[in-house]
Amino acid sequence: MSKENPKIVSFYKINNIVNILIKIAQNSTVNQRHSAALIKGDEIYNIGFNKYCSNAKYSTIHAEIDALFTFKSSKYAKCMRGMDIIIIRINNYSSCKLKISRPCDKCIDTLRKFHIRKVYYSDEYGNIVYENLKDMQKKHISSGNKFKYLLNN
């Protein structure tokens with residue numbers, strides 16, 4: 001895999017989608033409030049947000065996984081190949097400032113299984129950037145996964 005730097009997206013191109021995702025992320029009860037949208041072109045096919053698992057106190061379902069798996073069960077799941085995903089994270093305050101939301105290593109693996117094409121996400125400066133999933137490097141383990149690892153060892 002080549003090392004490709006994320007490319008900044010012109011905000012006006014996806015402004016409507018990002019504004020919807022900000023509203024959706026406000027529904028999250030997790031400290032790091034994320035939301036994600038499966039898109040093709042400028043059309044949203046499904047949305048998800050991160051939430052606590054009902055059967056585990058410290059485990060969460062990541063926003064991108066929520067978007068994938070609730071869509072997978074729909075009648076449109078066959079057209080998932082070649083879709084893009086946008087993932088954002090907002091702060092815990094009322095300003096809804098965008099924070100870094102790059103997918104964790106496990107989510108990158110899952111997105112690849114579903115043949116997602118591009119991953120758009122908010123970066124540490126509040127920009128929306130994207131990477132081609134096939135070139136995306138794994139860079140971090142989710143803090144939820146780190147916590148589970150500590151509990152099991």
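The values are calculated or read from the model by the stated rules, or taken from the named source; none is laboratory data. These numbers come from a predicted model, not from an experiment. When we count neighbours, we look across all protein chains shown, and the Cβ atoms used for this are built from the backbone with ideal geometry, even at glycine. SASA here: full protein model, heavy atoms, side chains in, ligands and nucleic acids out. Shrake-Rupley method; radii C 1.70, N 1.55, O 1.52, S 1.80 Å.
Tabulated data for the structure shown
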| item | result |
| --- | --- |
| Lone unmet requirement of (1) closer than 20 Å to I44 by Cα; (2) at pLDDT below 95; (3) hydrophobic (A, V, I, L, M, F, W, C) for I88 | (2) |
| Residues that are open to solvent by 30 Å² or more (accessible area, probe 1.4 Å), farther than 17 Å from I17 by Cα and out of contact with any helix residue (DSSP H, G or I) (no Cβ under 9 Å at 6 or more places or on another chain), drawn from the stretch 114-140 | E124, Y125, N132 |
| So E64, is it acidic (D, E) and at pLDDT below 90 | no |
| Residues of the stretch 92-113 satisfying the condition of being modelled with pLDDT under 90, more than 18 Å from I20 (Cβ to Cβ) and either in contact with a strand residue (DSSP E or B) (Cβ under 8 Å, 6 or more places away or on another chain) or hydrophobic (A, V, I, L, M, F, W, C) (or both) | N92 |
